[in-house]
1. So residue 280 passes all but one of these: (1) under 22 Å from residue 328 (Cα atoms); (2) open to solvent by 40 Å² or more (accessible area, probe 1.4 Å). Which condition number does it fail?
2. Being of a type in the set (A, V, I, L, M), open to solvent by 10 Å² or more (accessible area, probe 1.4 Å) and over 13 Å from the mean Cα position of the chain (by Cα) narrows it down to one residue among 79, 60, 54; which is it?
3. Quick one: how many residues across the range 109-135 are among the acidic types (Asp, Glu) and in contact (Cβ under 8 Å) with a residue 40 or more places away in the chain?
4. Any residue in the range 398-418 that's under 12 Å from residue 347 (Cα atoms): show its pairings with residues that are at pLDDT 90 or above and of a type in the set (Ser, Thr, Tyr) at Cβ separation under 8 Å, as long as the two are six or more apart or on different chains.
5. Can you list residue pairs whose Cβ atoms sit under 7 Å apart, with the first residue in the range 224-241 being within 20 Å of residue 210 (Cα to Cα) and the second being open to solvent by 60 Å² or more (accessible area, probe 1.4 Å)? Count only pairs 6 or more apart in sequence or on different chains.
6. Which number in (1) among the aliphatic types (A, V, I, L, M); (2) in contact with a strand residue (DSSP E or B) (Cβ under 7 Å, 6 or more places away or on another chain); (3) in a helix (DSSP H, G or I) marks the one condition that residue 322 misses?
7. Taking the stated definitions as given, is residue 134 surrounded by 19 or more Cβ atoms within 10 Å (Cβ to Cβ), hydrophobic (A, V, I, L, M, F, W, C) and part of a loop (DSSP other than H, G, I, E, B)?
8. Please tell me if residue 267 is surrounded by fewer than 18 Cβ atoms within 10 Å (Cβ to Cβ), more than 30 Å from residue 181 (Cα to Cα) and without any contact (Cβ under 8 Å) to a residue 40 or more places away in the chain.
Amino acid sequence: MVDGVTITKRGPRAFEEEMDGAGDEGRFPLAGDPAPPRQPIRATPFSWVDPKALPPRRWLYGRHYIRQYATATIAPGGLGKTSLALVEAVAMATGRSLLGAEPRKRLRVWYWNGEDPQDEVQRRIAAVCVHYDIGREELEGRLFLDSGRNTPIVIAQRVGDHTQVQRPVVADFVSEIRSKQIDVTIIDPFVSCHDVPENDNGAIDKVTKAWAGIAGQTNSAVELVHHVRKASAGQAGYSVDDARGGSALIGAVRSARVLNVMSTEEASNAGVPGEQRGLYFRVDNGKSNMQPPQDRAVWRQLVNVGLGNGDDEDPEDLIGVVTEWTMPGLFDDIDVGHLRRVQAAIAAGSWAENAQADCWAGYAVAEVLGVDATDKAEVSRIKRILGTWIKNGALKVVREHDKRAGRDKPMVVIGARV
């Protein structure tokens, strides 16, 4: 029994018989199958159910992995989606809160990588264990790893003009998930698990629903890791709608999130050197139809971890591991006392709004906060602090006559005292 649902082990034949009577997400017809007897369509009368008697949604990790559904993570290549999936897999298997989300309980996780060899997947897991100080006893029996090079998966393929879902592959997955009592299966990347045209919405819909059917049949979660399409000219970031190929993938999953690298502006605001911003990315839920929207961005950072496996010929491997990271808040280290001192400094002098002026109001702010007003990151932050205080009325901008320039200039003066 898993979360109140009884799981009965069946052989492949029993599973096929079960699918023959199932709905769209359970029955996977093959080309050449005889047409099943047509069942009459009947409307089911509504029957009142006490809301308290309805089982809650079975979230497994964060508000993304959920039993009986397929979910998706969309990201550009090389950003960190595989690293994120592996740290989350280890977090679920160990029951540890490695990235801030508390696993519901210790879970069994099956991770399949369709691109990398088995030893590369092992290196990545080893780096996660080194960084988070995880021992073998925490993972053995709870984490399952496979490579597409050793265990290829083709859950559907194109045969003539038809998309053919491979029922034996589906049956194998259902049997293995039930046998190993696996809670979460991660398919990375989605494109490697099928052989149908990516831009064929009908085909992608069948593939995605095949995975959703597996999740439903096994009362488990299936995560699909997918690439974004090539960015258009001037595109600043990605949404889930930028998933490569047909849009049916996003339509068929119940939670879809997108990863975006830290922008130049965000790096400046956070004080992150420009050459390091590629190590930071944000995670946004782009399809939250089963949960309330996020109230703030979730950020992650990639750190290099050495495996200590160097020898006389080669240096040790350095592997990127995803860690929790929080974007610094604009007023994290500022309180009302700082604002009062800034107001006093502004009232005692003459301060321009223009940051290029020798008497820029930002210098008064920098003096009070004890920061370097010549540092680009600090200048950007000071501008935003001033903008906030002007917007809320603690400071205000007025036009005053500058005798030296012979014209009026916008100057910063105090507003409502605090």
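The values are calculated or read from the model by the stated rules, or taken from the named source; none is laboratory data. Small disclaimer: the values here were computed from a predicted structure and weren't measured. Counting neighbours? That spans all protein chains shown, and the Cβs are built from the backbone with ideal geometry, glycine included. Keep in mind that these areas ignore ligands, DNA and RNA; they rest on the heavy atoms of the full protein, side chains included. Shrake-Rupley method; radii C 1.70, N 1.55, O 1.52, S 1.80 Å.
1. (2)
2. None of the others qualify; the one that does is 54.
3. Of the residues in the range 109-135, the ones among the acidic types (Asp, Glu) are 115-116, 119-120, 133.
Subsequent filtering for residues that are in contact (Cβ under 8 Å) with a residue 40 or more places away in the chain retains 115.
The qualifying residues number 1.
4. 411/350
5. Partner pairs satisfying both residue conditions: 226/244; 227/77; 227/244.
6. (3)
7. Here the answer is yes, as residue 134 does meet what is asked.
8. No; evaluated as a whole, the condition is false for this residue.
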